[in-house]
């Protein structure tokens, strides 16, 4: 942290909650209900977000939407470029995704490479009717032709900035999204 | 973007478990959990190791270990070639090192070696530019078998810390027992060895190497309070070598029978590295009893080998890049 000169909060806890509620409503509207929907969180922070969207949908639509957890490590395109060997975690999707509407959920959409890996991983598990993408923050700088269907907040960034998402389920402290600026 | 927590790899070969830290064993076992999920899929294959070449070099017969390595490599989309000494240039007198150099020149990245002489995997590791995995060398080591035993035990018992594991059988000649002793000790388990004195050898050797071991010559006594028992294969040649009066006598005192199973702690797990001599070291009904995890060991073996191939191959690739 000492190398980071300044941080700015771009979403607080209430704003995150409202963004998730809005995304849940948009999912139900776009898909004419959620009977066919399966939410799949991309590990790690996509998983608590998917659970929160499912909780809203349960309140609003009265439907328990299945939630799965997707680990994309084995599908990454940068495995040989990294200094370390990333840990492989477990993919857990108890619902057959074939002919369902799969909604991939992640915290930040950046280059699009994680989503590309997630698409490959999902297709290996079955043939969904549709795949859609929900993200809390879209920070731009795509390197692949990928876009999100549901976005909590669009945040213009420069490449040397870092977007930090804190979610109470996996991080200590309160929910918030920060943008960290490098030292000048 | 947040990156997953990760392990700094320094390991190039897997020759035995004596140089594995607890953290490293745990990393392999945790990785294997993810790999096991892949094996449960309808399409049990991921693209991770495309372009990596794995050669199975088997100088000794093996069904499950060779097939297990082959399936593990294929599940990760690596290229696999099976080399067996029979029908190869080995019969024309080609040496082990020559064969290794030939496979190296042909582009092999990882060699999986099974050999009847102890130390052959270490020898290849001194000369090969890629990674060596020891798939069993003589009476010395069989690290992947031990890792799959650790995986199975941890999965069933929750932890290995302070769990009581009995190893019974031909300890003296067993590479499975030796590698398990290293692995189980590192993971904090308590171990009891049980064997006829002729198949254990010098007690002091074992106690000097693993001071917390217990050695017990009665199987009934050894199994008291055991959480699991690893039954070793009895090679029939041992009787011909004069180490046993008869296989029947061995079975009478050291076979895991249903009577001995019932006298032990109710949830005690039964493991066997295979292939089994049913009716000699283990009774047929014990092998398929509810307490037996022998079939799961075989399935888990593929996942554990996938985890090792993943770590070794990525380490190699990165160095080459």
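Only the coordinates and a few stated rules stand behind these numbers; no lab work does. Keep in mind that what you see is a predicted model, and the values were worked out from it rather than measured. With ideal geometry, Cβ positions are generated from the backbone for all residues, glycine too; neighbour counts draw on all protein chains shown.
For this structure, a couple of remarks:
- Fraction of alpha-carbon pairs over 44 Å apart in the protein assembly as shown - percent: 27 percent
- Projected label points at residue A:8 and residue A:63, each 7 Å from Cα along the beta carbon direction, are separated by 3.9 nanometres.
- Nearest-ten-degree value, helix A:113-125 long axis tilted from longest Cα axis of chain A: 20 degrees
- Max mean-square fluctuation residue, GNM over chain B, Cα-Cα springs under 10 Å, options B:106, B:193, B:76: B:106
- Spherically averaged projected area of chain B from its Cα convex hull (nm²): 17.8 nm²
- Helices in chain A, meaning DSSP H runs of at least 4 residues, each add -39500 (n - 2.57). Divided by all residues, the mean residue ellipticity at 222 nm is -8500 deg cm²/dmol.
- Taking the DSSP beta bridges with both ends in the range B:1-158, the antiparallel portion is around 5 percent.
- Legend: ranking of residues B:192, A:98, B:10 from fewest to most surrounding C-beta atoms inside 10 Å; resulting order B:10, A:98, B:192.
- Remark: mean inter-chain Cβ contacts per residue of B:306-318 equal 3, using a 10 Å Cβ-Cβ cutoff to other protein chain atoms.
- Counts of other chain beta carbons within 10 angstrom of each beta carbon in peptide B:42-50 average 4.
- Residue by residue along A:86-94, Cβ atoms of other protein chains within 10 Å of the local Cβ number 6 on average.
- Result for chain B in a Gaussian network model with C-alpha springs under 10 Å: among B:243, B:15, B:271, the largest mean-square fluctuation is at B:243.
- Note on chain B: GNM, Cα springs under 10 Å; of B:132, B:171, B:33, the largest mean-square fluctuation is that of B:33.
- Restricting attention to chain B, close to 5% of DSSP beta bridges with both partner residues there are antiparallel.
- Relative to the longest principal axis of the Cα atoms of chain B, the long axis of helix B:143-157 makes an angle of roughly 60 degrees.
- Computed FRET value (nearest 0.05) for residue B:296 with residue A:15, which takes r as the C-beta separation and R₀ as 41 Å: 0.30
- Taking the centroid of alpha carbons for each part, the range B:67-135 and the range A:7-37 are 54 Å apart.
- Pairwise FRET efficiency - residue B:208 versus residue B:246, Cβ, R0 = 30 Å, nearest 0.05: 0.40
- Sorted ascending by nearby beta carbons within 10 Å, beginning with the fewest, B:278, B:91 become B:91, B:278.
- Measuring nothing but how far apart in sequence close Cα pairs (under 8 Å, 6+ apart) lie, relative to its length, chain A scores a relative contact order of 27 percent.
- The label-point distance for residue A:26 and residue B:118, in a model that sets each label 7 Å from Cα toward Cβ, rounds to 6.6 nm.
- Distance between the range B:284-298 and the range A:99-163 - C-alpha centres, whole angstrom: 45 Å
- Antiparallel bridge percentage (DSSP; both residues within chain A; nearest 5): 35 percent
- The calculated FRET efficiency for the pair residue A:82 and residue B:97, based on their C-beta separation and a Förster distance of 41 Å, comes to about 0.75.
- Nearest-ten-degree value, helix B:96-105 long axis tilted from longest Cα axis of chain B: 40 degrees
- Over chain B: helical MRE at 222 nm, DSSP H runs n ≥ 4 each giving -39500 (n - 2.57), nearest 500: -12500 deg cm²/dmol
- Neighbour-count order for B:43, A:93, B:230, fewest beta carbons within 10 angstrom listed first: B:43, A:93, B:230
- Alpha-carbon centroid distance for the pair the range B:180-213 / the range A:44-58, whole angstrom: 50 Å
- Spatial extent of the range A:23-160: Rg and Dmax, with the Cα atoms as the point set, Å: 14.7, 46
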